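Asker: Structure provided below as structure tokens; questions to follow.
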Amino acid sequence: MNNVNQLSLNMTRTMYDKDGKAKIVKRHFSNLNTEATNDQLKSFKTIIEQITGEHYESLEVIKTEEIK
């Protein structure tokens, strides 16, 4: 049986400076509820976007599992 020990989340967006050069900006959240569903993680992303006023293009879920 596999048990998720840790759940982290990376949200990524692309910013452009005044010269049009792209810069990738990431936010990382760790120690999230290991039983969170994909829909709950998407809702979390939406809440963070509303709080910060930023729009994230991608959502990466990182799970650490113990394999027995």
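Asker: Just to be sure I understand, how many residues within segment 1-25 are open to solvent by 100 Å² or more (accessible area, probe 1.4 Å) and either under 12 Å from Ile62 (Cβ atoms) or of a type outside the set (Asp, Glu) (or both)?
Answerer: At the first step, the residues of segment 1-25 found to be open to solvent by 100 Å² or more (accessible area, probe 1.4 Å) are 1, 16, 18-19, 21, 23-24.
Now narrow it down to the ones that are either under 12 Å from Ile62 (Cβ atoms) or of a type outside the set (Asp, Glu) (or both): 1, 16, 18, 21, 23-24.
Residues flagged as open to solvent by 100 Å² or more (accessible area, probe 1.4 Å) and either under 12 Å from Ile62 (Cβ atoms) or of a type outside the set (Asp, Glu) (or both) within segment 1-25 amount to 6.
Asker: Can you tell me which condition His28 does not meet? The list is (1) open to solvent by less than 60 Å² (accessible area, probe 1.4 Å); (2) within 9 Å of the chain's Cα centre (by Cα), and all the others hold.
Answerer: Going through (1) open to solvent by less than 60 Å² (accessible area, probe 1.4 Å); (2) within 9 Å of the chain's Cα centre (by Cα) one by one, His28 breaks only (1).
Asker: Let me ask another. I need every pair where a residue in segment 35-47 that is without any contact (Cβ under 8 Å) to a residue 40 or more places away in the chain has its Cβ under 9 Å from the Cβ of a residue that is surrounded by 11 or more Cβ atoms within 10 Å (Cβ to Cβ) and in a helix (DSSP H, G or I), sequence separation at least 6 or different chains.
Answerer: Ala36/Phe44
Asker: Are any residues in segment 1-30 outside any strand (DSSP E or B), modelled with pLDDT under 95 and within 27 Å of Ile67 (Cα to Cα), and if so, which ones?
Answerer: Met1 - this is the single residue of segment 1-30 that is outside any strand (DSSP E or B), modelled with pLDDT under 95 and within 27 Å of Ile67 (Cα to Cα).
Asker: State the number of residues belonging to segment 51-68 that are open to solvent by less than 100 Å² (accessible area, probe 1.4 Å) and either outside any loop (DSSP other than H, G, I, E, B) or under 14 Å from Ser8 (Cα atoms) (or both).
Answerer: Going through segment 51-68 one residue at a time, the tally reaches 9.
Asker: Here's a check for you: in segment 31-50, which residue that is among the polar types (S, T, N, Q) and outside any loop (DSSP other than H, G, I, E, B) is most open to solvent (accessible area, probe 1.4 Å)?
Answerer: Only one residue fits best here, namely Gln50.
The values are calculated or read from the model by the stated rules, or taken from the named source; none is laboratory data. Predicted, not measured: the structure shown is a model, and the values here were computed from it. Note that we place each Cβ from the backbone using ideal geometry, even for glycine, and neighbour counts take in every protein chain shown. Ligands, DNA and RNA are stripped out before the accessible areas are found, and what is left, the full protein with its side chains, is counted by its heavy atoms. Shrake-Rupley method; radii C 1.70, N 1.55, O 1.52, S 1.80 Å.
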